[in-house]
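Take a look at the structure set out below.
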Amino acid sequence: MMNRSSYVMSGILRFCIVWCIGFMIICWSSCRKDFEYEASTGNLQFSKDTVFLDTIFTNIGSSTYTLKVYNRSNNDIEIPSIRLGEGQNSQYRLNVDGAAGKEFTNIPLLANDSLFIFIETTFDIAAVEAPTFLYSDIIEFDHGANRQEVQLVTLIKDAIFIFPRTNSDGTKESLVLGLDTDGNEIRVEGIELESDQLNFTNEKPYVIYGYAAVPESSVLTVDPGARVHFHQNSGIWVRPGASLQINGELSTDTLLLENEVVFEGDRLEPEFENVPGQWGTVWLSEGSINNQIDHLTLKNASIGLLVEGGNTAETPTLTINNSQIHNSSSVNLWARTSSIDAANLVLGSAGNISLYCNLGGSYSFTHSTIANYWSSSFRGGEALRIDNIIEVNSGEVFTEDLNRADFTNCIIDGNSFVELGLIRSDNNAFNFSFDHCLIQFEDTSGMLTENPLYDFEDTQFYNNIFVNETTDFIAPSANDFRLGSTSAARAKGQLDAATRVPFDILGMDRTNAPDLGAYQFQDLP
């Protein structure tokens, strides 16, 4: 007869034997892949039969694209191989369920399940010596009778790259912007353009890394049809004594804009087409001279144009005509104590202010559309803000004379109740006028209308003003500010101003019953 101790030990021994046998069965079955998975029979399904990686510049990596592979059967399967058609020589890169490479074997796929394949590419077009090149490959699944494939296609464009060199210590070449309050240099990555880089043509697009500085006494000339692309935190800096001349022309195709000069980011994929803040700014610094811009489209910057100084100069710091700036993450056109003459200018949506006439200056805007329909996030500013005073972070206050800010035959509009902001220091001149303008100004609080600056009946500041009228833009959320048939801006313009700017931004004659803004109404097909 067993004693209590022997009985307990016998029970423990029986438990251990049973546990070990069960563990061995589990381990044996888990090692039997052929028991769990059947070989693929060529019945995979895909989220697309061709993956278009869109257009990229040579030597700049693409975005990551996704292909989904489905097993619609009720059986767990194993795909014997997934590989690029050109194998290790392919310029595409794959990531299959978390593993990077160009060839993969024995990939399991459960019944009625799917797996992700991520695809990227980088290509050096110098190998084919062509301005554009259509590069393609395939992803092969299995082989022989069960082989399936998905096409990969990418358009590669050649470009002229302008970028700072790498120093011996590994840092990038940089530019000195000035000194901080402690006397230390403020630097930004960039280069000073050489004499043979001061003419941007339309032969190839330009891609700029860092800031490209126009040297003193030099002129950067941009030809009709030129395309300039900016990498993140990049831009153009026009130094004191230097000039920027953008010589775009009217295009016959409103989609291709073949003669327009275009400034935008360097990501060409469709998903980046309207992403704000992709690059820095075009900075016309104090002391730059004779800057002229015609037929420029500038989009997706942080600050589109930053124009400083020149308030007392005999000629404007900037003359800008027939141009549009939109989708800046902060401000489309920021003028600080500056002098600007503008006509047929469209300043669209911006994350803060569309047009900021800051710290005084001298400004003239004729037949311009200033309309902020920003919807990407909260917007704190108006479509148009004018001030002659600013307080910096230290609490110090600066004031300057606003010699003039004249708006004639203009539209000031947006998706906020109040799209005009006026901030005045009584210690300095604050001269402004709105003549034949449509202004969005619905002061629901009643506080602003008590301010005499917003007295639209005061003929010292306002003449023929149309407040809170319907603009009927074609597609304001897409920065298309052409006028619809019911727009209150139609035939409201002052004729004398229209004769000084006889054609609208699209070349339409406006001398007969001129409309307000940059666009003259026309029936759309």
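For the stretch 210-238, the set of residues classified as open to solvent by less than 50 Å² (accessible area, probe 1.4 Å), under 21 Å from Trp279 (Cβ atoms), in a loop (DSSP other than H, G, I, E, B) and in contact (Cβ under 8 Å) with a residue 40 or more places away in the chain consists of Gly210, Ser234, listed by residue number. When Thr319, Thr297 are checked against the criterion of being modelled with pLDDT of 95 or more, surrounded by fewer than 22 Cβ atoms within 10 Å (Cβ to Cβ) and more than 25 Å from His231 (Cβ to Cβ), a single residue qualifies: Thr319.
Of all the listed residues (Val176, Val150), the sole one being part of a strand (DSSP E or B), farther than 30 Å from Leu84 by Cβ, among the hydrophobic types (A, V, I, L, M, F, W, C) and open to solvent by less than 70 Å² (accessible area, probe 1.4 Å) is Val176.
Listed by first and then second residue, the pairs linking a residue in the stretch 424-450 that is farther than 28 Å from Asp472 by Cα to a residue that is of a type in the set (Phe, Trp, Tyr), with Cβ atoms under 7 Å apart and 6 or more places separating them unless they lie on different chains, are Arg424/Phe430. With respect to Gln494, is the statement that it is modelled with pLDDT of 95 or more, surrounded by 14 or more Cβ atoms within 10 Å (Cβ to Cβ), more than 30 Å from Leu359 (Cβ to Cβ) and among the polar types (S, T, N, Q) true? So Gln494 fails the test.
Here Thr511 meets the list (1) under 17 Å from Ile412 (Cα atoms); (2) hydroxyl-bearing (Ser, Thr, Tyr); (3) touching a helix residue (DSSP H, G or I) at 6+ places or on another chain (Cβ under 7 Å) almost entirely, failing just condition (1). Taken together, the residues in the stretch 374-426 that are closer than 30 Å to Asp180 by Cα, among the hydrophobic types (A, V, I, L, M, F, W, C) and open to solvent by 70 Å² or more (accessible area, probe 1.4 Å) amount to 3.
Mind checking whether some residue in the stretch 260-268 is open to solvent by 30 Å² or more (accessible area, probe 1.4 Å) and modelled with pLDDT under 95? Within the stretch 260-268, one or more residues are open to solvent by 30 Å² or more (accessible area, probe 1.4 Å) and modelled with pLDDT under 95.
Annotation: of all residues in the stretch 369-395 being assigned to a strand (DSSP E or B) and either of a type in the set (Asp, Glu) or more than 30 Å from the chain's Cα centre (by Cα) (or both), the one that is farthest from Ile340 (Cα to Cα) is Glu391. Could you count how many residues in the stretch 151-175 are in contact with an Asp or Glu (Cβ under 6 Å, 6 or more places away or on another chain) and either within 21 Å of Thr55 (Cα to Cα) or modelled with pLDDT of 90 or more (or both)? Residues in the stretch 151-175 being in contact with an Asp or Glu (Cβ under 6 Å, 6 or more places away or on another chain) and either within 21 Å of Thr55 (Cα to Cα) or modelled with pLDDT of 90 or more (or both): 3 in total.
Picking from residues in the stretch 156-173 that are closer than 10 Å to Gly210 by Cβ and either open to solvent by less than 60 Å² (accessible area, probe 1.4 Å) or not charged (D, E, K, R) (or both), the one that is farthest from the chain's Cα centre (by Cα) is Glu173. Filter the stretch 244-295 down to residues that are among the aliphatic types (A, V, I, L, M) and touching an Asp or Glu at 6+ places or on another chain (Cβ under 7 Å) and give me whichever is farthest from Ile156 (Cα to Cα). Looking at the filtered set, the residue picked out is Leu284. Is it the case, given these coordinates, that Ile186 is in a strand (DSSP E or B), in contact with a Leu (Cβ under 7 Å, 6 or more places away or on another chain) and either over 23 Å from Asp294 (Cβ atoms) or open to solvent by 40 Å² or more (accessible area, probe 1.4 Å) (or both)? Yes, satisfied. For the stretch 89-118, enumerate the residues that are touching a residue at least 40 places away in the same chain (Cβ under 8 Å) and closer than 19 Å to Leu53 by Cα. Ser90, Gln91, Tyr92, Leu94, Phe116, Ile117, Phe118, listed by residue number. For the stretch 239-273, the set of residues classified as within 20 Å of Leu284 (Cβ to Cβ) and among the aliphatic types (A, V, I, L, M) consists of Ala242, Leu244, Ile246, Val261, Val262, listed by residue number. Selection of the stretch 112-136 for residues being more than 27 Å from Arg267 (Cβ to Cβ), out of contact with any Lys or Arg (no Cβ under 6 Å at 6 or more places or on another chain) and surrounded by 13 or more Cβ atoms within 10 Å (Cβ to Cβ) yields Asp113, Leu115.
The values are calculated or read from the model by the stated rules, or taken from the named source; none is laboratory data. In this text, all values refer to a predicted model and were calculated from it rather than measured experimentally. Using ideal geometry, Cβ is built from the backbone for each residue, glycine included, and neighbour counts are taken over all protein chains shown. These accessible areas exclude ligands, DNA and RNA; they are computed on the full protein's heavy atoms, side chains included. Shrake-Rupley method; radii C 1.70, N 1.55, O 1.52, S 1.80 Å.
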